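A.B. asks: The following block contains the structure, expressed as structure tokens.
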Amino acid sequence: MSWLPMLVKASYFAAALLFILGIKRMASPVTARSGIQWAGAGMVVATVATFAVPGLHNLPLIALAVVLGTAVAWWSGKRVAMTDMPQMVALYNGLGGGSAAAIGAVELLRFSDAGVAPSQTALVLAVVGALIGSVSLTGSVIAWAKLDGRLDKRFTFPGQQAFNGLVFLVAVALGALAVYGLQQPVIIGFFVAALAVGILMTLPIGGADMPVVISLYNALTGLAVAFEGYVLQNEALIIAGMVVGAAGTMLTQLMAKAMNRSIASVLFGSFGAGGEAKEITGAQKPIEAGDVAAMMAYAERVVIVPGYGMAVAQAQHKVWELTQALLKRGVKVKFAIHPVAGRMPGHMNVLLAEAGVPYDLIADMDDINPEFPTTDVSLVIGANDVVNPVAKTDPASPIYGMPILDVSASKNTIVIKRGKGTGFAGIENALFYADNTRMLYGDGAAAVAQLVAELKAVDGGH
């Protein structure tokens, strides 16, 4: 073996170490930024090393693709709003699955055109990787469209699961035929069926399950990349794909557990037992910002519950300003984060970190729930389904069985909300009608800014 192939393999090994160490550092908010940088450096090493692979063809086209891809990603990454970050994550994850599917397509068609008979293992993995990658591609695109409001959150029809299962079996059958025959019409039919599976599988999944779906497709993309890496005999793709697949699988299991759901029920079922949901009685009771400020100023404990509405209003910086004002008064303040708050895993944590909120003020659901009964004021900003008590009380509710933040147990609850609309699951929130809940209507950032001003007035302007 000459020195160049050895250098490439050594570079791939170094890149793999950087991937693993990067993901390890992403496990903590304190080191997450450097973890992304480490993993990014690993990707640069792997990409540069690939140009040195002996016998590589079409180098100008590859270089052009790298430049164009980097430019588009840099431009879109700089322009995307934090509220649109979940859509970007879903879309980019789908592109990863699509890349794996494209590799499988190229290799299968190349084997078909050349009449070459590669190993049976390579053929099977090429088909399996292409199937998984195709499902991840179209499924992620549908998830993106739902998150972006371009599609209804749930699309169902009679006999849907049976029809979806039939299409999946057709894709598997065509994949098996492609392995044994490598006929171009069969290969094309296989990809059409595989792409259809991703669409059909994601259409009926509701908005409340979308964070789990994004995690699942992330895992599938990693597995697809690993399988196609074996077909190409590329160590970097194999290791990176397996690491992403393993991490995505663990995250999916954690998210499903946090939702009290199995992955099968996310893909093939729906929340709740069905039937007619209980009618919510009472009325929403408004409150003025000055009264809220006084209530919080003289409270001993305040818990802030952020949700997607905070992201839409870009209110995280004002929320941190309010928190600092309360802390100066000696009020104990914590942030309560539901595992699926927002539109993707960790969405609220990213927003709060961007605003500079210390990590020791942020508590997860299991830790904070026992503290709500002794909380004087819970301030809900833009959260809806994750604080809805019907998840515990109404078996007919679409979100029944989903663990929630027990905000309703607080002595007083203030909800900042733009209007009287429903959350992402499309149902009324019983919390908003509770006796101990008051509604502060308005834009999240403007409402919190008003609270800060009123709090200063309570302090006599100091």
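A.B. asks: Just to check your reading of the model, which residue among 71, 122, 32 is touching a Lys or Arg at 6+ places or on another chain (Cβ under 9 Å) and among the small types (Gly, Ala, Ser)? Spell out how you get there, then give the answer.
C.D. replies: Details: 71 fails: touching a Lys or Arg at 6+ places or on another chain (Cβ under 9 Å); 122 fails: touching a Lys or Arg at 6+ places or on another chain (Cβ under 9 Å).
The match here is 32.
A.B. asks: Determine, yes or no, whether residue 363 is outside the structural domain of residue 210 (by TED's automatic domain parsing), among the small types (Gly, Ala, Ser) and touching a Pro at 6+ places or on another chain (Cβ under 8 Å). Give the derivation first.
C.D. replies: Values: outside the structural domain of residue 210 (by TED's automatic domain parsing): yes; among the small types (Gly, Ala, Ser): yes; touching a Pro at 6+ places or on another chain (Cβ under 8 Å): no.
Taking the combined requirement at face value, the residue does not satisfy it.
A.B. asks: Anything in the stretch 264-315 that is at pLDDT 85 or above and part of a helix (DSSP H, G or I)? List them, or say none.
C.D. replies: 289, 290, 291, 292, 293, 294, 295, 296, 297, 310
A.B. asks: Hey, among the residues in the stretch 379-393 that are among the aliphatic types (A, V, I, L, M) and either free of Cβ contacts under 8 Å to residues at least 40 places away in the same chain or assigned to a strand (DSSP E or B) (or both), which one's surrounded by the fewest Cβ atoms within 10 Å (Cβ to Cβ)?
C.D. replies: Within the stretch 379-393, the first condition is being among the aliphatic types (A, V, I, L, M), and the residues that meet it are 379-381, 383, 386-387, 390-391.
From the residues that got through so far, the ones that are either free of Cβ contacts under 8 Å to residues at least 40 places away in the same chain or assigned to a strand (DSSP E or B) (or both) too are 379-381, 391.
Values: 379: 31, 380: 30, 381: 27, 391: 25.
Across the stretch 379-393, the extreme among qualifying residues is 391.
A.B. asks: Can you find even one residue in the stretch 275-282 that is surrounded by fewer than 17 Cβ atoms within 10 Å (Cβ to Cβ), acidic (Asp, Glu) and in contact with a strand residue (DSSP E or B) (Cβ under 9 Å, 6 or more places away or on another chain)?
C.D. replies: Within the stretch 275-282 (the criterion being surrounded by fewer than 17 Cβ atoms within 10 Å (Cβ to Cβ), acidic (Asp, Glu) and in contact with a strand residue (DSSP E or B) (Cβ under 9 Å, 6 or more places away or on another chain)), the answer is no, since none of the residues qualifies.
A.B. asks: Another one. Consider the stretch 323-378. How many of its residues are farther than 14 Å from residue 299 by Cα and assigned to a helix (DSSP H, G or I)?
C.D. replies: Here is the first cut: in the stretch 323-378, the residues farther than 14 Å from residue 299 by Cα are 324, 335-371.
If we keep only those that are assigned to a helix (DSSP H, G or I) too, we end up with 324, 347-355, 359-361, 365-371.
Qualifying residue count for the region: 20.
A.B. asks: Sort out which residues of the stretch 44-90 are exposed (fewer than 11 other Cβ atoms within 10 Å of the Cβ), over 20 Å from the mean Cα position of the chain (by Cα) and not in a loop (DSSP other than H, G, I, E, B), and write them in order of number.
C.D. replies: Across the stretch 44-90, the qualifying residues are 59, 60, 61, 67, 68, 71, 72, 74, 75.
A.B. asks: Of everything in the stretch 429-461 that's surrounded by fewer than 19 Cβ atoms within 10 Å (Cβ to Cβ) and assigned to a loop (DSSP other than H, G, I, E, B), which residue is modelled with the lowest pLDDT?
C.D. replies: So the residue we want is 461.
A.B. asks: Taking the stated definitions as given, is residue 217 out of contact with any Asp or Glu (no Cβ under 6 Å at 6 or more places or on another chain), surrounded by 24 or more Cβ atoms within 10 Å (Cβ to Cβ) and not assigned by TED's automatic domain parsing to the domain that holds residue 5?
C.D. replies: Numbers: out of contact with any Asp or Glu (no Cβ under 6 Å at 6 or more places or on another chain): yes; surrounded by 24 or more Cβ atoms within 10 Å (Cβ to Cβ): yes; not assigned by TED's automatic domain parsing to the domain that holds residue 5: yes.
Yes; evaluated as a whole, the condition is true for this residue.
The values are calculated or read from the model by the stated rules, or taken from the named source; none is laboratory data. All values derive from a computational prediction rather than experimental measurement. Glycine also receives a Cβ, built like all others from the backbone with ideal geometry; neighbour counts cover every protein chain displayed.
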